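Report on the following structure.
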Amino acid sequence: MDSFMEYYFEEVFCNLDRDCLNERYKRKELVEYFSTVIAGCAAGQNHTDNTTCKNFITSALKYHNNCKSTNGDVCLMGKYHNVLYIAMKLSFDWSLQDNGVVAALLDELYACEKTFERIFLGESLLDELYACEKTFERIFLGAIFGTSAPYFLAGWKSDFMDKEENVHALVFFLDHATNANLEYTEEGKVYRFIDVPLESCGKASPVRVVIQMGTSEMLMILLRFGAQIFSDNVATNPVESILDRLKDYNRVYPYELVSCLKLVLRAIPKITFTVDKRVFMHLELPDDYNYDRKVALEKYGEILQDHLIPSSRCGLQPVELKHLCRCEVRKMLWNNFELPFGIPKLGVPVALQRYLDLLDD
């Protein structure tokens, strides 16, 4: 496999046009070609599919790095960068189980594209920059919006077949990123793979975008893997954004939005409302005054009456000890990169595992 890949990159790939892989169908054709090669080499060399796929991904990363090093450690983009997307798709198609190789691929995608964003761009490169996703958008956007929307948001089409495959691919890479303890630094702040801001969505985190979309199925996936609802620099409170939208429906609430609210309430200890204390200065309230209670009653009274918010999660009553314990256990698991697959290791009953995994309330 190594000899074949070395020959292919040196004798075939180098003679292809620089923009030969810009179109999705061309990348798909190359993925299918390499899939055939992987299957053939695995059978011919009596290796497992996993080993052969690992060798291909390693060869692709080596070629990409060699090309980058000859250009002052700046990616040449075009086909030289698209080879990483080919590797990304193949690692998913063949369910590559080598955590180190998949993590190296994710690291290379991130480092390469963040470096490219920082360099000066001439006009001839502007279109290519627009067509290139920032950091991990190619993994997240297709799962959140489907296969077509990323083209209008970021100028590219998803390499995965449909939204279902995009979701499966997202879970695949979330699993590897969690097992590899991957973290990335942006503007002085450290993010987990699942929380890296999406440039095309106003630098909001994936979970905030999903909350805004009101997609409960995707929200469940992100929350189970420990997405941080309050991790980015967006000023708006995502819980309040859901509640404000619910108020607009005159107490005829859409199922998806209510489901999103209930899921978020499972993942946080309680709702902390945004309060401008200067509004209440004339009342001379004590320092320990329960502002959350006042906001909940005055601003969201109808939602409370309709039992969409438990009184124990908005300051009206003490939070249930069971729920606080869940939040604390999940926090410890998150600190150790063990969400969600570390929950069965706790040795607790299945019903409690489901509770910790946000599947039940």
Quick one: how many residues across segment 300-359 are more than 29 Å from the chain's Cα centre (by Cα) and β-branched (Val, Ile, Thr)?
-> 2
Give the number of residues within segment 182-208 that are under 18 Å from Ala169 (Cα atoms) and part of a helix (DSSP H, G or I).
-> 5
Just checking, which of Asn82, Asn65 is over 25 Å from Thr147 (Cβ atoms), part of a helix (DSSP H, G or I) and of a type outside the set (Val, Ile, Thr)?
-> Asn65
Here the qualifying pairs (Cβ atoms under 9 Å; residues six or more apart or on different chains; first in segment 197-210 and buried (at least 20 other Cβ atoms within 10 Å of the Cβ); second at pLDDT below 90 and aromatic (Phe, Trp, Tyr)) come out as Leu198/Phe136; Pro206/Phe136; Val209/Phe145
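From the list Tyr63, Tyr80, pick out the single residue that is within 18 Å of Arg24 (Cβ to Cβ), outside the structural domain of Asp175 (by TED's automatic domain parsing), modelled with pLDDT under 95 and not charged (D, E, K, R).
Numbers: Tyr63 fails: within 18 Å of Arg24 (Cβ to Cβ).
Unique residue meeting the criteria: Tyr80.
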Residue that is surrounded by the fewest Cβ atoms within 10 Å (Cβ to Cβ), among those in segment 298-331 that are among the aliphatic types (A, V, I, L, M) and part of a helix (DSSP H, G or I) = Leu321
Note down all Cβ pairs under 7 Å where the first residue falls in segment 22-48 and is in the same structural domain as Ile86 (by TED's automatic domain parsing), the second is β-branched (Val, Ile, Thr) and in a helix (DSSP H, G or I), and they're at least six residues apart or on different chains.
-> Arg27/Ile86; Leu30/Ile86; Val31/Ile86; Phe34/Ile86; Ile38/Thr52; Cys41/Thr52; Ala42/Thr52
Of the criteria (1) at pLDDT 85 or above; (2) closer than 19 Å to Met77 by Cβ, which one Pro150 fails | (1)
Of the conditions (1) in a helix (DSSP H, G or I); (2) at pLDDT 95 or above; (3) surrounded by 15 or more Cβ atoms within 10 Å (Cβ to Cβ), Pro340 fails just one. Which one is it?
-> (1)
When residues of segment 173-223 are filtered for being in contact with a helix residue (DSSP H, G or I) (Cβ under 9 Å, 6 or more places away or on another chain) and basic (Lys, Arg), how many remain?
-> 2
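Condition check ((1) of a type in the set (Ser, Thr, Tyr); (2) loosely packed, with under 13 Cβ neighbours inside 10 Å; (3) more than 25 Å from Glu164 (Cβ to Cβ)) across all residues:
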| position | (1), (2), (3) |
| --- | --- |
| Glu6 | no, no, yes |
| Asp17 | no, yes, yes |
| His47 | no, no, yes |
| Ile57 | no, no, no |
| Lys68 | no, no, yes |
| Val74 | no, no, yes |
| Ile86 | no, no, no |
| Trp94 | no, no, no |
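The values are calculated or read from the model by the stated rules, or taken from the named source; none is laboratory data. For clarity, every value in this text was computed on a predicted model and none was experimentally measured. Quick reminder, even Gly has a Cβ in these numbers, built from the backbone with ideal geometry, and neighbours come from all protein chains shown.
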